[in-house]
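A quick write-up on the structure given underneath.
The values are calculated or read from the model by the stated rules, or taken from the named source; none is laboratory data. Model, not experiment: these values are computed from the prediction. Neighbour counts run over all protein chains shown; Cβ positions are idealised from the backbone, glycine included. For the accessible areas, the whole protein counts, side chains as well, though only heavy atoms, and no ligand, DNA or RNA atoms are used. Shrake-Rupley method; radii C 1.70, N 1.55, O 1.52, S 1.80 Å.
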Amino acid sequence: MIPSVSYPRYRSVLPLSRSTRVLSGLTLALLIALGWGATTGALGVSPWALLSGEANALSVQVWWQLRLPRLLLGVVVGAMLAGSGAAMQGLFRNPLADPTLLGLASGAGLFVALWIVLFQGSGAASLYGQFAAGFLGALSVCVIVFGLAKRQGGGSAAVMTLLLAGLAINTLAGAGGGLLAFIASDEQLRQLSLWGMGSLTNSLWSTTALALVLIPLALWMLLRSASELDLLQLGETTAHAAGLDAPRLKRRIVVATSLGVGLCVALTGVIGFLGLLVPHCLRLWLGPGHRLLLPASMLGGALLLVVADTLARTLGAPAEIPVGLLTSLLGGPYFLYLLMRRSRSC
Amino acid sequence: MLTLHQAGLLNTPALAPFDGTIRPGELLSIVGPNGAGKSTLLSMLSGFRPSEQGELHLDGKPLREWPITELASRRALVAQQEPLGFDWQVTELVCLGSNPEQALVAELLDDLDLSHLANRSVLSLSGGERQRVMVARGACQLLSRRSPTARDGGLLLLDEPTSALDIGQQQRLMRQLRTWAVQHRMAVVCVLHDLNLAGTYADRVWLMHQGQRIDHGLPHLVLNPSTIADIYSAELQHIEGGPQGKPLLALAP
């Protein structure tokens, strides 16, 4: 007599599977958030007025040139930060890991600080230089981390090395940033600290377009790794015996995360807690299977960042709160609460 | 069928090269003192550490030439307990590494006395329960990914699968391994610390000591008290008349 066994969470046999329901629900929520974000702000624009051409020229200009790229940037940056957080946590098999662990954010931060303090130009040139510097910083950290991972080959030692390398890079970048702040002028210091808090203010079509092309590419690389990340949870030797090429998986995730997160940091500064918080909460709800967790984290991250950015724009309008500050203020305490609940239940 | 032709490892931990064959339908036990190279041997048999001397052949084809995914349908590994970061459900964990029929999962859970835990979080299980879940996962991988043309049930490698089990569960697991070996013509390789368990259930035994396979053959011949006392540096009492007339080894007080 064989008792009946219910199927795994992520492979429901219902006509509308659990994955479909969760992902379409999150997509709907994201669309609603986008609608809200599109119509509220320092300058309220109704979509009907835009479509029917009744809105005045200034509103149209603001909406197309500032609001829309900003919303889209929020979507891809949120998706990238949360998606790479989920992937990093899977890679390190540790629910507290996140992309900043690898030192990408701080590497990018150091390069941007260098640019602002040493080569500061003016206007657009300065802005593009800043993006390029951030991108370059993340990329060079990627090369260091990638080289270390490659030299170590497989084995759990490699994961440990990655973590320690990330720690060293974070410390180094922090010290470098401190030194730069020491020699910076007041104006530069203000610029540095604003960027460091993270915001979507610098969203123009020219830069957003870059993110709209490259970030989906990185997201796609992560999504392709979902079932391999599941296998990795068995430990490297067992996963190898179950058909996983772990070094290849690691390379793919490190490259995708470096590219995506490097670009995000260069464009928006450090937006805290999304990469840690979103996958963590979703895992409590959906379970640890990456085939659902990864896409859900991406949608959830996009949703959270669009909402947080709309709040950041409107709460103190016409002034603006850096959205990174807002996510950290909201995310930090909630995360502590989760940890406390977790330790109590253990 | 896995054959070793003077296969060995050079670097630390080293493994002296030797010949050997693991046949479908048999339960082979690897025994030896701590640090004798049992787990190292297992990772060489699994292909995780490719042999640095000699060659291993699985079904007549060199092990290193098997594509990693194809190999996963012919051999599975149940390693010593690895910490799990996330709280998988028992059923989800059993399905990792394969895409099994629901009936197979239910059957395997039933075989290993896990049915009542099917929807439990793995992190809430005891060490022994979790160990049986991992054995079920290994068997599930082999049985569900088995190709219809395969002549036998493949190779199941287990590293101390009984280390956290009570004696009742030890008996159930060893009997189940024998059943799988016979029923699916599976080659089961089991690292064991309990010599009496090896003596009772294994068809053949490989005895490891200091990175060498020093003896192999029928359990009651290999596990003779003087050799065992010598390589384990233990004082033993030999009790005649154990199960099926096989002798038992016990520690002297």
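Residue under question is A:Leu136, and the condition is that it be modelled with pLDDT of 85 or more, open to solvent by 10 Å² or more (accessible area, probe 1.4 Å) and more than 18 Å from A:Ser225 (Cβ to Cβ); does it hold?
No, not satisfied.
Could you list, in sequence order, the residues of segment B:114-154 that are buried (at least 23 other Cβ atoms within 10 Å of the Cβ), under 26 Å from B:Pro83 (Cβ atoms) and in contact with a strand residue (DSSP E or B) (Cβ under 7 Å, 6 or more places away or on another chain)?
B:Met134, B:Val135, B:Gly138, B:Ala139, B:Gln141, B:Leu142
Across segment A:208-234, which residue is farthest from the other protein chains (Cβ to nearest Cβ) among those that are of a type in the set (Gly, Ala, Ser) and surrounded by fewer than 21 Cβ atoms within 10 Å (Cβ to Cβ)?
Step by step, filter segment A:208-234, then rank; the result is A:Ala209.
Of all residues being part of a helix (DSSP H, G or I), more than 22 Å from A:Ala239 (Cβ to Cβ) and more than 7 Å from chain A (Cβ to nearest Cβ) in segment B:112-127, which is modelled with the lowest pLDDT? Just the residue, please.
B:Ser124
How about segment B:182-194: which of its residues are buried (at least 22 other Cβ atoms within 10 Å of the Cβ) and of a type in the set (A, V, I, L, M)?
B:Met186, B:Ala187, B:Val188, B:Val189, B:Val191, B:Leu192
Of the residues B:Leu109, B:Leu77, which is assigned to a strand (DSSP E or B) and touching a helix residue (DSSP H, G or I) at 6+ places or on another chain (Cβ under 7 Å)?
Answer to the check: B:Leu77.
Any chance you could count how many residues in segment B:91-111 are open to solvent by 10 Å² or more (accessible area, probe 1.4 Å), within 19 Å of the chain's Cα centre (by Cα) and at pLDDT 90 or above?
The total comes to 1.
Among the residues of segment B:134-182, how many are more than 14 Å from every other protein chain (Cβ to nearest Cβ), more than 24 Å from B:Gly199 (Cα to Cα) and in contact (Cβ under 8 Å) with a residue 12 or more places away in the chain?
Looking only at that region, the number is 3.
Spot the failing condition for B:Trp88; the list is (1) open to solvent by 10 Å² or more (accessible area, probe 1.4 Å); (2) at the interface with another protein chain (Cβ under 8 Å from one of its Cβ atoms); (3) over 22 Å from the mean Cα position of the chain (by Cα), and only one is missed.
Exception for B:Trp88: condition (1).
Within segment B:56-69, can you find the residues that are away from chain A (no Cβ under 12 Å) and open to solvent by 20 Å² or more (accessible area, probe 1.4 Å)?
B:His57, B:Asp59, B:Gly60, B:Lys61, B:Pro62, B:Arg64, B:Glu65 - these are the residues of segment B:56-69 that are away from chain A (no Cβ under 12 Å) and open to solvent by 20 Å² or more (accessible area, probe 1.4 Å).
Can you confirm whether A:Thr237 is touching an Asp or Glu at 6+ places or on another chain (Cβ under 7 Å) and hydroxyl-bearing (Ser, Thr, Tyr)?
It is false that A:Thr237 is touching an Asp or Glu at 6+ places or on another chain (Cβ under 7 Å) and hydroxyl-bearing (Ser, Thr, Tyr).
Show me the helices (runs of 4 or more DSSP H) found entirely inside segment A:19-107 where at least 3 residues are more than 14 Å from chain B (Cβ to nearest Cβ), at pLDDT 85 or above and surrounded by 22 or more Cβ atoms within 10 Å (Cβ to Cβ).
Qualifying helices (runs of 4 or more DSSP H): A:68-92.
Does at least one position in segment B:70-84 carry a residue that is within 12 Å of chain A (Cβ to nearest Cβ), open to solvent by 20 Å² or more (accessible area, probe 1.4 Å), in contact (Cβ under 8 Å) with a residue 12 or more places away in the chain and more than 20 Å from the chain's Cα centre (by Cα)?
Yes - at least one qualifying residue is present in segment B:70-84.
Go through (1) part of a loop (DSSP other than H, G, I, E, B); (2) within 30 Å of B:Arg145 (Cβ to Cβ); (3) away from chain B (no Cβ under 14 Å) for A:Ser203 and report which single condition fails.
Looking at each condition in turn, A:Ser203 falls short on (2).
Please verify whether segment A:276-285 includes one or more residues that are within 14 Å of another protein chain (Cβ to nearest Cβ), open to solvent by less than 10 Å² (accessible area, probe 1.4 Å) and touching a strand residue (DSSP E or B) at 6+ places or on another chain (Cβ under 8 Å).
No, because not a single residue in segment A:276-285 is within 14 Å of another protein chain (Cβ to nearest Cβ), open to solvent by less than 10 Å² (accessible area, probe 1.4 Å) and touching a strand residue (DSSP E or B) at 6+ places or on another chain (Cβ under 8 Å).
If a residue has to be at pLDDT below 65, surrounded by 14 or more Cβ atoms within 10 Å (Cβ to Cβ) and not in a helix (DSSP H, G or I) to count, how many in segment A:3-18 make the cut?
Matching residues across segment A:3-18 total 4.
Are there any pairs, at least 6 apart or on different chains, whose C-beta atoms fall under 7 Å, with the first in segment B:235-249 and in contact (Cβ under 8 Å) with a residue 24 or more places away in the chain and the second in a loop (DSSP other than H, G, I, E, B) and open to solvent by less than 60 Å² (accessible area, probe 1.4 Å), and if so, which?
Partner pairs satisfying both residue conditions: B:Leu248/B:Gly242; B:Leu249/B:Leu223.
Determine whether A:Ala266 is under 23 Å from A:Ile144 (Cα atoms) and of a type in the set (Gly, Ala, Ser).
Yes: the conditions hold for A:Ala266.
So which residues in segment B:201-253 are open to solvent by 80 Å² or more (accessible area, probe 1.4 Å), closer than 25 Å to B:Leu177 by Cα and aliphatic (A, V, I, L, M)?
Answer for segment B:201-253, where residues must be open to solvent by 80 Å² or more (accessible area, probe 1.4 Å), closer than 25 Å to B:Leu177 by Cα and aliphatic (A, V, I, L, M): B:Leu218, B:Leu221.
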